[in-house]
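Since every read-out is calculated from the coordinates, none of them should be taken as a lab result. Here the structure is a predicted model, which means the values were calculated and not measured. Backbone-built Cβ (ideal geometry, glycine too); neighbour counts: all protein chains shown.
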Amino acid sequence: MTTDMEGASPALCRLQLGSELRQLRLAAGLKGAQVVKRLLWSPSKLTRLETGENTSVETADVMALCEIYGADRERREVLLSYAAVTKTRRDWWLTPEYRTVLKPGFKAFLDLEDAAERMQTYENAYIPGLLQSADYVRALHQRSDREWSADECERIVEIRLARQAVLNRELGPLRYQAIIDEAALRRQVGEPSVMRGQLAHVVEVAQSVPNVRVQVLPFRAGAHMGMSGPFIVFQFPDRLGVKPLVYQEHLAGALVARDDANLKRFGNAFSYLQALALGPHESIDFIKQAIKEH
């Protein structure tokens, strides 16, 4: 199964291309070190190609790898078409007006979010990004770790809202499961009216978008394993051959885990928190009550 090139994003094509190149290499019985030695590449170049980290991919590089791996003509054409998308289109977040306000490394997160089929997030301090309102985003950045100009702040708002398109995209909406700690509902960000609008927005999305599931983890649930911090588990379409991964953001950057032990640990943690949290309908009632209390 291949990606529909008419609607495929560059981020999705990069991941698809990298996954298929890695599969071809393994099928050819070659190690990465053998490939880079033949092509006089640095090891990191092949790694970036196979993990989809490059913003664009040179068709000459794809052709060289296909030659080494013995890929047939049909497979080469498909892989070259993936590379062509990365050269001729740009993900919306790579436009000049947005580059200046993206934190280092956040582009990689946007790549993952754009290509993911399913996203499970636990958040204990904020309303999750895909559920945030414009006023809430503005209020958050008034208290951030740097001073933003009014223009920069508006670009950040635009980025946050543009991200939310993954919930309604044509090539399969993102299946989004969010567990929100009660603390994020109670913490006043901006004026009370901002919080009322924000929580009403969460209710509206949860009730109107079928691929979104929102649960609240109330204080009365007591101590739990999510108290160590928020996390996100990304899962990708089977055709990509890309393993799920865990993303954890912190003040200085982010951590990405792909190893089986961490995937199992955080997958189990999310299931545990789901069971501990209120059900979707009860969660909506809880959020509506929180609106009144703001």
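Using a/c under 1.5 as the rounded threshold, could you call region 12-109 rounded, prolate or oblate? The axes a ≥ b ≥ c are square roots of the C-alpha gyration tensor eigenvalues, and prolate needs a/b larger than b/c, oblate otherwise.
The shape class here is prolate.
In nanometres, what is the gap between the two model label sites at Asn268 and His250, each 7 Å from Cα along Cα-to-Cβ?
2.2
Can you tell me, using C-alpha contacts under 8 Å and at least 6 residues apart, the relative contact order of the chain as a whole percent? Show your work: numbers first, answer last.
Working: 407 pairs, mean separation 57.6, N = 294.
After rounding, I find 20 percent.
Which trypsin sites (Lys or Arg not before Pro) does region 209-294 hold that lie in a coil by DSSP with at most 15 other beta carbons within 10 Å? Working shown, then result.
Details: sites: Arg213, Arg220, Arg239, Arg258, Lys264, Arg265, Lys288, Lys292; in loops: Arg258.
Answer in residue order: Arg258.
How much of the pair distance distribution for the chain lies past 32 Å, counting alpha-carbon pairs only, in percent? Write out the running numbers ahead of the final one.
Numbers: 13830 of 43071 pairs.
Pairs farther apart than 32 Å: 32 percent.
Kindly identify region 108-194 as rounded, prolate or oblate by the Cα gyration tensor criterion: order the square roots of the eigenvalues as a ≥ b ≥ c, call it rounded if a/c is under 1.5, otherwise compare a/b with b/c, prolate if a/b is larger, else oblate. Walk me through the numbers before you get to the answer.
Working: a/c = 2.16, a/b = 1.35, b/c = 1.59.
Oblate, because a/c is 1.5 or more while a/b does not exceed b/c.
When Lys and Arg each count +1 and Asp and Glu each count -1, what net charge do the other residues less than 12 Å away from Arg196, Cβ to Cβ, add up to? Could you put the intermediate results ahead of the total?
Numbers: positive: Lys288, Lys292; negative: Asp135, Glu191, Glu293.
Local net charge: -1.
What FRET efficiency do you get for Ala64 and Asn168 if R0 is 41 Å and r is their Cβ-Cβ distance, rounded to the nearest 0.05? Show your work: numbers first, answer last.
Numbers: r = 39 Å, r/R0 = 0.95.
Calculated transfer efficiency: 0.55.
Lys and Arg at +1, Asp and Glu at -1: add these up for the other residues within a Cβ distance under 12 Å of Gly70 and post the number. Write out the running numbers ahead of the final one.
Values: positive: Arg25, Arg73, Arg75, Arg76; negative: Glu67, Asp72.
Value of the local net charge: +2.
Would you kindly derive the ³J(HN,Hα) couplings of region 221-233 from the backbone phi angles with the Karplus curve 6.51 cos²θ - 1.76 cosθ + 1.60 (θ = phi - 60°), listing them in order in whole Hz, with x for Gly and Pro?
5, x, 5, 7, 6, x, 5, 6, x, x, 7, 10, 10
Over region 10-90, what is the mean sequence separation of C-alpha contacts under 8 Å (at least six apart), divided by residue count, expressed as relative contact order in percent? Write out the running numbers ahead of the final one.
Numbers: 80 pairs, mean separation 37.3, N = 81.
So the answer I get is 46 percent.
Could you work out the local net charge near Lys264, counting Lys and Arg as +1, Asp and Glu as -1, over the other residues with Cβ closer than 15 Å to its Cβ? Present the calculation step by step, with values, prior to reporting the outcome.
On the way: positive: Lys243, Arg258, Arg265; negative: Asp259, Asp260.
My count for the surroundings of Lys264 gives +1.
With each run of n ≥ 4 DSSP H residues scored as -39500 (n - 2.57), what mean residue ellipticity at 222 nm is computed for the chain after dividing by its residue count and rounding to the nearest 500 deg cm²/dmol?
-16000 deg cm²/dmol
Quick one: if the Förster radius is 25 Å, what FRET efficiency do Ala275 and Ser228 give, using the C-beta to C-beta distance and rounding to 0.05?
Details: r = 18 Å, r/R0 = 0.71.
Rounded to the nearest 0.05, the efficiency is 0.90.
Show me the ranking of peptides 193-202, 163-172, 276-285 by mean Cβ neighbours inside 10 Å, starting with the highest.
Working: 193-202: 19.5, 163-172: 14.0, 276-285: 16.5.
So the order, starting with the most tightly packed, is 193-202, 276-285, 163-172.
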